[in-house]
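Q: Let me give you the structure first, and then I'll get to my questions.
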Amino acid sequence: MKKIAVFASGSGSNFQAVIDAVQSGRIEAVICGLITNRDNAGAIKRAEASGIPARVLNPSDFPDSSEYESTLLEQLKEWNPDLIVLAGYMLKIPDSLISAMPDQIINIHPALLPAYGGKGFYGLRVHKAVLDAGESETGCSVHYVNERYDDGPVIDQQKVRVLSDDTPETLRDRVLKAEHQLLPSVIAKLLNKT
Ligand code: GRF
């Protein structure tokens, strides 16, 4: 059975979509653990409710970045995932992890990359920028993670129409629903293909 590790910093609704898809058998894998940088992340409660081990690793709790990175790598060595899924994870992934797991780390982003991606494009800022530019459509993207924010090759995208009365919040909510469909479907395709 393939193993997935999820990294999440926030409420974890995308994490939940992955949990649901694993529980329903749509994704043939187990979730071996959650990494979060915030001890009050909603994602932790979702992990607990589903019996998934959760580990809080915050770089500022470590004396230096190399101790943080080696602790992170050790935890992942123990879980031994086939795939790492960033589902609303707000920290940059250390280069050491990217080189340890090439093409095995994916991220979901709430826009049609390469548009509205990169440093500073997160949360409502993304949707506000889409509205400010007068776009008629937006969406979400799942892409491989490389050393730069939101920059690795796109695996799949789902489009969402922008409505004339959208606010950043209403747009975020509709894009989030699309994310909950796209992320499990990409994971299923990646893991179930072999
Ligand atoms: C999502 O919009 C995701 O694309 C972005 O952060 C948000 C996380 O939402 N990277 P949630 O915690 O999964 O609800």
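Q: What are the residues in region 66-96 that are in contact (Cβ under 8 Å) with a residue 60 or more places away in the chain, surrounded by fewer than 16 Cβ atoms within 10 Å (Cβ to Cβ) and either part of a helix (DSSP H, G or I) or over 14 Å from the mean Cα position of the chain (by Cα) (or both), if any?
A: If the condition is that a residue be in contact (Cβ under 8 Å) with a residue 60 or more places away in the chain, surrounded by fewer than 16 Cβ atoms within 10 Å (Cβ to Cβ) and either part of a helix (DSSP H, G or I) or over 14 Å from the mean Cα position of the chain (by Cα) (or both), then Asn80 is the only one that fits.
Q: It is to be established whether one or more residues within region 117-126 are in a loop (DSSP other than H, G, I, E, B) and under 18 Å from Asn37 (Cα atoms).
A: Yes.
Q: A further question on this structure: Could you list, ordered by first residue, the pairs with Cβ atoms under 8 Å in which the first is in region 117-134 and on the phi > 0 side of the Ramachandran plot and open to solvent by less than 70 Å² (accessible area, probe 1.4 Å) and the second is within 13 Å of the ligand (Cβ to nearest atom) and part of a loop (DSSP other than H, G, I, E, B), at least 6 apart or interchain?
A: Taking only residues 6 or more apart or on different chains, the pairs are Gly118/Tyr149; Gly118/Asp150.
Q: If you take the residues of region 127-180 that are among the charged types (D, E, K, R) and assigned to a helix (DSSP H, G or I), which of them is farthest from Ala17 (Cα to Cα)?
A: Taking region 127-180 and keeping what is among the charged types (D, E, K, R), we get 128, 132, 135, 137, 147-148, 150-151, 156, 159, 161, 165-166, 169, 172-174, 177, 179.
Remaining after also requiring assigned to a helix (DSSP H, G or I): 128, 132, 169, 172-174, 177, 179.
Numbers: Lys128: 25, Asp132: 30, Glu169: 20, Arg172: 16, Asp173: 15, Arg174: 15, Lys177: 10, Glu179: 9 Å.
Per the stated criteria, the residue is Asp132.
Q: If a residue must be in a loop (DSSP other than H, G, I, E, B) and either under 17 Å from Leu190 (Cβ atoms) or not hydrophobic (A, V, I, L, M, F, W, C) (or both), how many such residues does region 8-32 contain? Step through it out loud before you land on a result.
A: Applying the first criterion (in a loop (DSSP other than H, G, I, E, B)) to region 8-32 yields 8-12, 24-28.
Applying the additional criterion that residues be either under 17 Å from Leu190 (Cβ atoms) or not hydrophobic (A, V, I, L, M, F, W, C) (or both) yields 9-12, 24-28.
The total comes to 9.
Q: Still on this structure, I have one more. Any residue at all in region 163-184 that is at pLDDT 95 or above, open to solvent by 60 Å² or more (accessible area, probe 1.4 Å) and among the hydrophobic types (A, V, I, L, M, F, W, C)?
A: Yes - at least one qualifying residue is present in region 163-184.
Q: If I ask for residues that are touching a strand residue (DSSP E or B) at 6+ places or on another chain (Cβ under 6 Å) and surrounded by fewer than 18 Cβ atoms within 10 Å (Cβ to Cβ), which ones from region 16-51 would you list?
A: Within region 16-51, Val30, Asp39 qualify.
Q: Could I ask something else about it? For region 4-15, state whether one or more residues are within 18 Å of Leu182 (Cα to Cα), crowded, with 20+ Cβ neighbours inside 10 Å and in contact with a His (Cβ under 6 Å, 6 or more places away or on another chain).
A: So far as region 4-15 goes, no, none of its residues is within 18 Å of Leu182 (Cα to Cα), crowded, with 20+ Cβ neighbours inside 10 Å and in contact with a His (Cβ under 6 Å, 6 or more places away or on another chain).
Q: Which condition number in (1) out of contact with any strand residue (DSSP E or B) (no Cβ under 8 Å at 6 or more places or on another chain); (2) closer than 24 Å to Asp173 by Cα; (3) open to solvent by 80 Å² or more (accessible area, probe 1.4 Å) is the one that Ser99 fails?
A: Ser99 satisfies every listed condition except (2).
The values are calculated or read from the model by the stated rules, or taken from the named source; none is laboratory data. These figures come from a predicted structure and were not determined experimentally. Heads up, the Cβs are rebuilt from the backbone with ideal geometry, glycines too, and the neighbour counts pull from every protein chain shown. Only protein heavy atoms, including side chains, enter the accessible area calculation; ligands, DNA and RNA are left aside. Shrake-Rupley method; radii C 1.70, N 1.55, O 1.52, S 1.80 Å.
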